[in-house]
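Undergrad: I am attaching a structure below and will ask some questions about it afterwards.
The values are calculated or read from the model by the stated rules, or taken from the named source; none is laboratory data. Source: prediction; values computed, not measured. No Cβ is skipped: glycine too gets one built from the backbone with ideal geometry, and neighbour counts run over all protein chains shown.
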């Protein structure tokens, strides 16, 4: 086996095995939430391109920093599935199918939604803070960004990609995604790019918290002499 093949297997082997195993044993039942998310995103795309539907989608799923906080929080869950009007919808659908699908197979549907929502919410809240700080601050944003619609599914996609890679020790891939998001901000200094970085910061916090929690659980189980510390029949997490 060549050096490149060995490195690829070390990087993606555990993740690819988990995905193959999930698809082999459960087939389409492995990612029902992902399929629903793809369908919902396609539906929103159709509706918002109709003369009668644009404002409806804006009212239920589009978030701007100028919105009252309570309204932004209310709209944020659905904003994960509202694709950007200025980008091809097939790109958003492919991202959701691939990244949400892998995450749901590996993490389960509720954890996938939780991480995706946390990443999106981090971007939403950053936009409000950035506008409040103003363009003179390192993390500030111009006042005009308060009227820009948030990133939609992309912040959740980026956050989930890095989280899953971290969980399955594909550290180079996680670092590569992070670097690409930083380059995006340098090349195209817009709100979406900065929200992606805020989403990654939130996911980094989740990774640190998860690592500390698992390490603490392993220490407690080891000191009590109860073996691995996992319940009967429960698989230990990949990241410990």
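Undergrad: Within the range 137-148, how many residues turn out to be outside any helix (DSSP H, G or I) and over 20 Å from residue 82 (Cβ atoms)?
TA: Matching residues across the range 137-148 total 6.
Undergrad: Now for a separate question. With 93, 69 as the choices, which residue is touching a residue at least 12 places away in the same chain (Cβ under 8 Å), over 15 Å from residue 195 (Cβ atoms) and either surrounded by fewer than 12 Cβ atoms within 10 Å (Cβ to Cβ) or in contact with a strand residue (DSSP E or B) (Cβ under 8 Å, 6 or more places away or on another chain) (or both)? Steps first, answer last, please.
TA: Working: 93 fails: either surrounded by fewer than 12 Cβ atoms within 10 Å (Cβ to Cβ) or in contact with a strand residue (DSSP E or B) (Cβ under 8 Å, 6 or more places away or on another chain) (or both).
None of the other options fit; the residue is 69.
Undergrad: Select, from 30, 94, 36, the only residue that is within 21 Å of residue 118 (Cβ to Cβ) and under 20 Å from the mean Cα position of the chain (by Cα).
TA: 36
Undergrad: Check residue 48 against each of (1) surrounded by fewer than 15 Cβ atoms within 10 Å (Cβ to Cβ); (2) over 25 Å from residue 165 (Cα atoms) and name the one condition it does not meet.
TA: Of the numbered conditions (1) surrounded by fewer than 15 Cβ atoms within 10 Å (Cβ to Cβ); (2) over 25 Å from residue 165 (Cα atoms), the odd one out for residue 48 is (1).
Undergrad: Considering only residues that are exposed (fewer than 14 other Cβ atoms within 10 Å of the Cβ) and more than 16 Å from residue 153 (Cβ to Cβ), which ones fall in the range 9-45? Let's see the steps before the verdict.
TA: First, pick out the residues of the range 9-45 that are exposed (fewer than 14 other Cβ atoms within 10 Å of the Cβ): 9-10, 17, 20-21, 24-29, 32, 36, 39, 43.
Result: 9, 10, 17, 20, 21, 24, 25, 26, 27, 28, 29, 32.
Undergrad: While we're here: Are any residues in the range 178-189 under 16 Å from the mean Cα position of the chain (by Cα) and either buried (at least 17 other Cβ atoms within 10 Å of the Cβ) or not in a helix (DSSP H, G or I) (or both), and if so, which ones?
TA: 178, 181, listed by residue number.
Yes/no matrix, rows are residues, columns are (1) part of a helix (DSSP H, G or I); (2) modelled with pLDDT under 95; (3) out of contact with any strand residue (DSSP E or B) (no Cβ under 6 Å at 6 or more places or on another chain); (4) within 29 Å of residue 38 (Cβ to Cβ):
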site	(1), (2), (3), (4)
135	no, yes, yes, no
150	no, yes, yes, yes
154	yes, yes, yes, yes
159	yes, no, yes, yes
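Undergrad: Inside the range 1-64, counting only helices (runs of 4 or more DSSP H) that do not spill past its ends, which hold 3 or more residues that are within 30 Å of residue 143 (Cα to Cα) and out of contact with any strand residue (DSSP E or B) (no Cβ under 7 Å at 6 or more places or on another chain)?
TA: Fully inside the range 1-64 and qualifying: 32-48, 54-61.
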